[in-house]
Amino acid sequence: NAGVTQTPKFRVLKTGQSMTLLCAQDMNHEYMYWYRQDPGMGLRLIHYSVGEGTTAKGEVPDGYNVSRLKKQNFLLGLESAAPSQTSVYFCASDPGLAGAEQFFGPGTRLTVL
Amino acid sequence: DQQVKQNSPSLSVQEGRISILNCDYTNSMFDYFLWYKKYPAEGPTFLISISSIKDKNEDGRFTVFLNKSAKHLSLHIVPSQPGDSAVYFCAASDNYGGSQGNLIFGKGTKLSVKP
């Protein structure tokens with residue numbers, strides 16, 4: 001049981017480049033999330049999904065797109081990276097039950113130059 | 001404006017003593033509170049939670065207390081161990097009936113437990 005995995009672990013982009021972060025979970029969870037964490041800040045929700053084929057905006061969605069084509073995968077895309085998107089990105093999932101905790105991946109450290 | 005506040009960025013405690021981490025919230029609609037622990041270069045891991053119908057929840061060395069009138073919760077770790085050294089995040093939700101991404105996180109408190 002790998003839990004929640006994220007690919008890649010590290011990435012450096014130039015301003016304007018695009019990339020996709022992949023999150024995969026093997027716990028058959030319905031709900032998946034993408035957060036970003038900046039220095040001295042808590043985790044802020046970017047987008048989330050409550051099931052395959054569904055997505056919704058979180059607190060800080062601008063500049064990001066997501067897709068959930070398969071239940072186990074949740075992709076986060078940056079179409080035109082900006083230095084303000086330099087951050088650590090965490091994916092999480094949960095079964096969507098009352099009071100369920102979220103399980104987090106190890107994070108992706110992204111630097112945009 | 002921050003809905004979940006952890007006003008102490010750091011806390012240092014001697015091994016074997018009690019660690020008390022505090023969290024304040026402003027949204028009276030929050031009905032579920034969680035604590036997550038995070039080690040460097042790892043994702044947060046769930047530690048303990050409490051619903052708004054309770055005022056205390058205990059799990060081994062960890063106890064969370066909720067004071068709804070003061071909109072305040074605290075995490076007690078006793079006895080503290082060096083392995084407890086990590087960043088602790090307080091999080092709150094207004095949707096206990098169904099998790100839908102409504103977790104609001106505080107900025108975290110870095111706990112250092114010294115041998």
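Can you tell me which residue is nearest to the chain's Cα centre (by Cα) among those in region B:28-44 that are more than 7 Å from every other protein chain (Cβ to nearest Cβ) and surrounded by 14 or more Cβ atoms within 10 Å (Cβ to Cβ)? Applying the filter and picking the extreme gives B:W35. For region A:60-108, the strands (runs of 3 or more DSSP E) that sit wholly inside it and include 2 or more residues that are in contact (Cβ under 8 Å) with a residue 60 or more places away in the chain and under 18 Å from B:Y39 (Cα atoms) are A:87-94. One residue stands out among those in region A:24-36 that are crowded, with 22+ Cβ neighbours inside 10 Å and closer than 26 Å to A:S80 by Cβ: the one that is nearest to the other protein chains (Cβ to nearest Cβ), which is A:Y33. Inspection of region A:29-51 finds a residue satisfying the criterion of being over 28 Å from B:P9 (Cα atoms), among the small types (G, A, S) and modelled with pLDDT under 95. Identify the residue in region A:66-113 that is of a type in the set (D, E) and at the interface with another protein chain (Cβ under 8 Å from one of its Cβ atoms) and, among all such residues, is surrounded by the most Cβ atoms within 10 Å (Cβ to Cβ). So, considering only residues that are of a type in the set (D, E) and at the interface with another protein chain (Cβ under 8 Å from one of its Cβ atoms), the one surrounded by the most Cβ atoms within 10 Å (Cβ to Cβ) is A:D94. In the set B:V78, B:V113, only one residue is farther than 22 Å from A:F104 by Cβ, in contact (Cβ under 8 Å) with a residue 24 or more places away in the chain, more than 10 Å from chain A (Cβ to nearest Cβ) and touching a helix residue (DSSP H, G or I) at 6+ places or on another chain (Cβ under 7 Å); that residue is B:V113. Of all residues in region B:1-25, those that are away from chain A (no Cβ under 14 Å) and more than 14 Å from the chain's Cα centre (by Cα) total 7. From the list A:G40, A:G53, A:G63, the one residue that fits, being more than 18 Å from A:G105 (Cα to Cα) and within 10 Å of chain B (Cβ to nearest Cβ), is A:G40.
The values are calculated or read from the model by the stated rules, or taken from the named source; none is laboratory data. Everything numeric in this text was worked out from a predicted model, so none of it was measured. When we count neighbours, we look across all protein chains shown, and the Cβ atoms used for this are built from the backbone with ideal geometry, even at glycine.
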